[in-house]
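Trainee: Here you go, one structure.
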Amino acid sequence: MSTTKGEEDRNPSPPKRQLSPSPDTSRPTKLPKSDPPRVPAEQSEIAMGQRNPGLQRYLVAVEYIGTRFSGSQKQPTCRTVVGALEEAFQKFIGQPVTVHCSSRTDAGVHALSNVCHVDVERISKRKPGEVLPPHEAGVVRRAVNHFLQKNEGDIMVTDVRCVPPDFHARFKALERTYHYRILSGPEPLSAFEKDRAWHVPEDLDIAVMKRACSILVGHHDFSSFRAAGCQANSPMRTLDELSVTEILPALYFPSIMERSSTKLLDLDACKSFSTSSDASDVKTVKSENGQEFGHRLRHRCFVVTARARSFLYHQVRLMVGVLKSVGTGNLTVSDVERILDAKTVTAASPMAPACGLYLGNVKYDLP
């Protein structure tokens, strides 16, 4: 969850704040991914009065489709999320900026809401060198989106807030939530779902998948769910939530039978969208789609949700791979305990592909 490292940030040591508008091209020293937050060095600079008083720090929430990005972290020869944001900010304010993401995502991984921060000094275009009052947050959001939408249109700023100069998008994050979409069924994946979900042709047993989730929730040594290349000092993590839910398929449009029906759909059980043979609604959908030209069978849609303060490199995708194997019957719940206790990634099932992973939310205690 590719050319970048990590489903989310590896918590490298935060680069020192720039003391002038010129960009800092030095690379930060990499520290273990997702270790407990440290106090950024820039805070001591602020306490010593060394910070540029004309800078305004903005917290920026951004959504993107990861398909055409080589991950979130900036790279010199590839299109990345940070690269696209820095380019849009530079076109807006006329000078380079450095964008710091709360969570790193791999190539192909999407974000419903990733968060970053950026320091902006508003310089007068009429009188170069004159520092003006900072832009309002709404102005920043509209202006940056204006330049983002001129390109691929697969990234958008959804929210902007002015924050204190010591507020760090990565180190102030209290919790991160990831979602993983699985579409189950023999029908080929729709063109609208390409690179948006993992297509699993087999049926999935959601009940046994839920039992497997309960094994992994809590504080554990997640070495078996830690891909090679993880730089975290410790494999110990506290998983606050791991759940699997069956939901309505995306881009759903009601059939003629459903439009004429007055009964409420059972959204929790999703019986109308299941392919199991004991659901009467499913038989109606199958019959209609099977007889009318141009209609296709619907997939069952499952969402695995993982919530924690931090994750190991590829932890979510490795856990989803195991849950999928449990759902298809290739593994048992007891096997999940065995894999966790093995404390080696070679014990886990193949990792789930990046296309189904979404960074859903980053939680803060905002000032």
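The values are calculated or read from the model by the stated rules, or taken from the named source; none is laboratory data. Remember, predicted model here, so these are calculated numbers, not experimental data. For neighbour counting, all protein chains shown are included, and Cβ atoms are generated from backbone atoms with ideal geometry for every residue, glycine included. We work out accessible area using only protein heavy atoms, side chains counted, and drop any ligands, DNA or RNA first. Shrake-Rupley method; radii C 1.70, N 1.55, O 1.52, S 1.80 Å.
Trainee: Right, Val244: surrounded by 13 or more Cβ atoms within 10 Å (Cβ to Cβ), in contact with a helix residue (DSSP H, G or I) (Cβ under 7 Å, 6 or more places away or on another chain), β-branched (Val, Ile, Thr) and assigned to a helix (DSSP H, G or I) or not?
Mentor: So Val244 fails the test.
Trainee: Kindly indicate the residue of region 190-215 that is open to solvent by 30 Å² or more (accessible area, probe 1.4 Å) and hydrophobic (A, V, I, L, M, F, W, C) and also nearest to Leu359 (Cα to Cα) among those meeting that condition.
Mentor: That would be Trp198.
Trainee: Follow-up. Can you confirm whether Phe293 is farther than 18 Å from Ile206 by Cα, at pLDDT 80 or above and open to solvent by less than 60 Å² (accessible area, probe 1.4 Å)?
Mentor: Criteria not met by Phe293.
Trainee: Right, here's the next one. May I ask you to verify whether Glu187 is modelled with pLDDT under 95 and farther than 19 Å from Leu357 by Cβ?
Mentor: The answer is yes for Glu187.
Trainee: For Thr275, indicate whether it is among the β-branched types (Val, Ile, Thr), at pLDDT below 95 and within 30 Å of Lys194 (Cα to Cα).
Mentor: The answer is yes for Thr275.
Residue by residue, here is whether (1) modelled with pLDDT under 65; (2) open to solvent by less than 50 Å² (accessible area, probe 1.4 Å) holds:
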residue: Gly49; (1), (2): yes, no
residue: Asn52; (1), (2): no, yes
residue: Leu55; (1), (2): no, yes
residue: Gln73; (1), (2): no, no
residue: Arg79; (1), (2): no, no
residue: Ala84; (1), (2): no, yes
residue: Phe92; (1), (2): no, yes
residue: Val97; (1), (2): no, yes
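Trainee: Could you check Cys301 against (1) under 25 Å from Ser261 (Cβ atoms); (2) modelled with pLDDT under 95 and say which number it fails?
Mentor: Every listed condition holds for Cys301 apart from (2).
Trainee: Another question, if that's okay. So, Ala169, is that one touching a strand residue (DSSP E or B) at 6+ places or on another chain (Cβ under 9 Å), surrounded by 14 or more Cβ atoms within 10 Å (Cβ to Cβ), on the phi < 0 side of the Ramachandran plot and hydrophobic (A, V, I, L, M, F, W, C) or not?
Mentor: Yes, satisfied.
Trainee: Take region 341-358 and flag every residue that is of a type outside the set (Ser, Thr, Tyr) and farther than 22 Å from Asp195 by Cβ.
Mentor: The answer is Asp341, Ala342, Lys343, Val345, Ala347, Ala348.
Trainee: Return the residue satisfying two criteria in turn: it lies in region 355-367 and is in contact with a Lys or Arg (Cβ under 8 Å, 6 or more places away or on another chain) and part of a loop (DSSP other than H, G, I, E, B), and of such residues it is least open to solvent (accessible area, probe 1.4 Å).
Mentor: Tyr364
Trainee: Identify, please: which residue in region 341-354 is assigned to a helix (DSSP H, G or I) and more than 11 Å from the chain's Cα centre (by Cα) and is, among those, surrounded by the fewest Cβ atoms within 10 Å (Cβ to Cβ)?
Mentor: Thr346
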